[in-house]
Amino acid sequence: MTPLAERLRPAKFADYVGQDHIVHPKSALQKQIARGRPTSIIFWGPPGCGKTTLAKLYTKSFSVPVETIHATTSATCDFKRIIEAADKSPLFCRPMIVWIDEVHRLTRPQQDLLLASLENGSLVLVAATTENPSFQLSPALLSRVQVMILKPLDSSSLHKLLERCGSLPLTADAKNMLVEWAAGDARTFLNWIEELQRAQPDHELTPEEVAELLQKKRAAIDPSGEGRYQLISALHKAVRGSDCQAALYWLARQLTAGEDPRYIARRMIRMASEDIGLADPQALGIALDGLKTYETLGSPEGELALAQVVLYLALAPKSNSAYVAWGKAKDHAEQTSQFAPPSHIINAATSWMKKVGFGEGYRYDHDEEDGFSGQNYFPEGIERQEYFAPIERGFERDLNKRLAYFMKLREKR
């Protein structure tokens with residue numbers, strides 16, 4: 001029997017559910033269709049958001065031949081055959097559409113084969129992918145296509161799909177729970193509904209009964225794909241933005257999706273050094289302690305330690321002064337790698353080195369007034385640099401005073 005998701009696949013745009021920003025009559029996609037000539041498009045979005053359906057509706061909107069390539073199984077000879085057919089087709093039949101699902105799985109040579117035909121207009125690429133095209137496709141191919149971004153289906157769209165499935169005895173709470181669990185994935189949502197239909201319940205199912213029939217709740221996102229990096233980026237930016245509430249939410253999203261807590265803990269160590277730095281020197285130690293605590297306790301007890309770290313980091317004073325200073329120092333070091341340290345700070349390890357002047361003139365700071373000699377420690381021929389510029393927040397206010405103190409002493413010397 002044909003799966004429910006396939007039976008409900010719309011045959012025209014008017015029946016399509018969701019992605020209003022793309023299927024709206026005044027959208028860019030609809031304007032392209034109205035012009036009567038297809039253009040190369042890649043539909044990018046998470047699983048179950050309607051990419052394939054949208055691509056098929058788009059290709060059917062034009063009176064041109066359509067060829068299908070399977071990114072995982074098609075060989076290079078299949079590409080060449082389609083390209084040759086497109087190039088030989090009569091002018092009035094051009095262009096030919098090639099439909100590729102999971103386009104991110106194409107090899108670079110396969111992607112390159114398409115370039116010339118896309119350029120001369122004999123071939124139009126219509127494709128779908130769950131992966132970020134800018135990560136997976138060559139710049140040359142990406143520059144020749146339009147990328148349309150699809151979103152997870154919202155709750156109202158999923159409720160519409162539920163209505164189209166016919167009568168299904170579920171309580172309102174059970175319906176809402178299914179929509180929440182689906183997390184915008186229509187395919188999974190419809191598979192669940194089909195499974196519940198096969199159960200042929202004789203009464204309205206409660207959330208508890210639905211959960212028992214479906215065995216378990218699906219994770220909100222696959223932590224091994226592009227979504228993984230979107231979630232960790234969201235956590236990082238919430239911490240950087242000092243929003244502890246949002247930071248807790250994104251931490252919970254990752255953990256409930258099955259992310260490795262150690263991966264999150266390591267990223268929080270990075271946040272402590274990159275975004276907090278010396279504005280709160282304790283932040284780095286607290287982040288390290290969070291990782292150690294989790295490794296000691298494991299889940300779920302150790303997750304509380306990660307939550308504490310997130311809260312501390314989000315509410316700590318922020319500074320990227322150390323991060324910026326390190327970047328400047330690295331760049332300058334690469335540009336001046338030919339310069340040796342000044343001879344007066346090179347230890348005279350042999351009598352010959354001492355004879356030719358190495359170490360001569362070095363002043364031991366502890367013997368100097370104020371414990372500061374003010375000598376030059378940069379290579380000879382390089383002007384003194386000021387990489388680190390503390391800000392007036394947190395502990396860096398004190399560092400600013402110390403820096404100003406030593407600068408004043410240096411001027412006196």
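Please treat every number below as a calculation from the coordinates, not as lab data. Since we're looking at a predicted model, the values are computed, not measured. A quick note on method: Cβ atoms are made from the backbone with ideal geometry, for glycine too, and the neighbour counts reach across all protein chains shown.
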Check: Gaussian network model of the chain, Cα springs within a sub-10 Å range: biggest mean-square fluctuation belongs to which of Arg198, Arg262, Arg187?
Finding: Arg198
Checklist line | Karplus 3J(HN,Hα) series, Hz, for region 12-28 with 6.51 cos²θ - 1.76 cosθ + 1.60 (x for Gly, Pro) | finding: 8, 4, 4, 9, 6, 10, x, 6, 4, 5, 10, 8, 4, x, 9, 6, 4
Note to self: Please compare each pair in Lys318/Lys401; Lys330/Lys401; Lys175/Lys237; Lys328/Lys354; Lys26/Lys175 to a cut-off of 29 Å on the Cα-Cα distance and tell me which ones are over it.
What the structure shows: Lys175/Lys237; Lys328/Lys354; Lys26/Lys175
Next item on the list: Could you go through region 287-296 in sequence order and give the Karplus-derived ³J(HN,Hα) for each residue, using 6.51 cos²θ - 1.76 cosθ + 1.60 with θ = phi - 60°, rounded to whole Hz, and x for Gly and Pro?
Entry: 5, 5, 5, x, 5, 4, 5, 4, 5, 6
Next item on the list: List, largest first, the extents of the alpha carbons of region 73-215 along their principal axes, each in whole Å.
Entry: 61, 31, 26
Check: Stretch Met353-Thr68 to full length: gain in nm at 0.36 nm per residue minus the Cα-Cα span?
Finding: 95.1 nm
Check: Roughly how many whole Å is it from the C-alpha centroid of region 1-48 to that of region 343-376?
Finding: 74
Check: Two-decimal Rg/Rh of region 2-79 from alpha-carbon positions, Kirkwood Rh?
Finding: 0.98
Next item on the list: With a Förster radius of 25 Å, plug the Cβ-Cβ distance of Arg363 and Ser337 into 1/(1 + (r/R0)^6) and report the FRET value to the nearest 0.05.
Entry: 0.40
Next item on the list: Calculate, in whole percent, how much of the Cα-Cα pair population of region 374-413 lies beyond 17 Å.
Entry: 41
Check: Which three semi-axes in whole Å describe the equivalent ellipsoid of the chain, each the square root of 5 times a Cα gyration tensor eigenvalue, listed largest first?
Finding: 58, 34, 17
Margin query: Can you compute the FRET efficiency between Arg266 and Phe378 using 1/(1 + (r/R0)^6), with r the Cβ-Cβ distance and R0 = 22 Å? Round to the nearest 0.05.
Written below: 0.05
Check: Angle between the Cα long axis of helix 261-271 and the longest principal axis of the chain, 0 to 90 degrees, nearest 10?
Finding: 50
Checklist line | Folded to 0 to 90 degrees: helix 244-256 orientation relative to the chain principal axis, Cα | finding: 60
Check: Which FRET efficiency, nearest 0.05, do Ala11 and Lys237 yield, Cβ-Cβ r, R0 56 Å?
Finding: 0.85
Next item on the list: Could you work out the Kirkwood radius for region 330-411, taking every pair of different alpha carbons, averaging 1/r and inverting it, reported in Å?
Entry: 15.2
